[in-house]
Amino acid sequence: MSLPKASKRRRTEPNAYVAPQTVSAQSLLRRGSDRTFQKLVFDLFTISARLEDVRLHLASQMRMSASQYSVLRAVAALQGPEGVSIGSVADYLHVTSAFITAQSRGLVERGLLDKREGPTDRRVSLLSLTANGERLVDQVVELVRPINDLFFGTLERSEFDALSAIMDKLIQSSRNAMVRISSERQEAWLSARDRRSAV
């Protein structure tokens with residue numbers, strides 16, 4: 001994606017530059033300023049980085065990748081008595097089924113996950129924890145519980161409920177933003193290909 005050309009503005013005094021607003025939705029502005037919004041975004045960057053540090057730490061304790069850790073924990077949460085489909089795990093983690101298939105392969109090889117055909121549809125693969133997988137999840141939960149309590153335990157019940165609802169909305173709206181970015185990347189790629197073809 002190419003950046004739009006900056007408009008030419010004459011500075012009347014040193015350090016008089018005022019950055020343009022990064023949002024136009026009035027609900028995100030305060031007295032015409034996007035400063036509060038920008039702080040929220042940078043705070044989210046910080047929270048995201050810290051959550052990833054936690055995930056990497058826990059994954060290292062289990063001697064697996066961060067992605068495998070997420071898959072194992074998701075299966076533990078979703079499997080029920082019959083196991084959980086790869087598609088359901090993918091939806092839960094907001095990734096593709098191909099990604100779950102690839103990440104679960106190593107967990108199956110380590111004897112932590114069991115993979116079998118669905119009882120009514122052989123095209124559906126069901127994942128469930130093995131006995132070794134259950135023991136490993138039990139162990140890591142003892143590590144993650146105090147971390148989660150420190151990370152999120154300051155939230156009141158109403159704040160937690162509100163945050164959960166907000167995150168659901170942001171998951172959908174962020175997906176729409178990713179679709180736009182993907183479209184712009186595709187357009188840029190096609191434009192570059194056309195320019196090469198014209199040479």
* Asked: By counting other Cβ atoms within 10 Å of each Cβ, how are Val124, Val41 ranked from fewest to most?
  -> Val41, Val124
* Asked: Size of the stretch 66-122 along its principal axes in angstrom, Cα-based, largest extent first?
  -> 32, 25, 20
* Taking just the C-alpha trace of the chain, give me its Rg and Dmax in Å. => 22.9, 74
* Asked: Most mobile of Glu52, Glu109, Glu134 per a Gaussian network model of the chain (Cα springs, under 10 Å)?
  -> Glu109
* On each of the three principal axes of the Cα atoms of the stretch 83-161, give max minus min coordinate, whole Å, ordered largest first. => 46, 26, 21
* Only loop residues by DSSP count here, and only those with at most 10 other Cβ atoms within 10 Å; note down the trypsin sites (Lys or Arg not before Pro) in the stretch 103-199 that meet that. => Arg122, Arg123
* Asked: If you place +1 on the Cβ of every Lys and Arg and -1 on the Cβ of every Asp and Glu, how big does the dipole about the Cα centre of the chain come out, in debye to the nearest 20?
  -> 1280
* Asked: Highest GNM mean-square fluctuation, the chain, Cα pairs closer than 10 Å: which of Pro14, Pro81, Pro119?
  -> Pro14
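Computed from the coordinates by the stated procedures, all read-outs in this text should not be read as laboratory data. Since we're looking at a predicted model, the values are computed, not measured. FYI the Cβ positions are ideal-geometry reconstructions off the backbone, even for glycines, and counts take in every protein chain you see.
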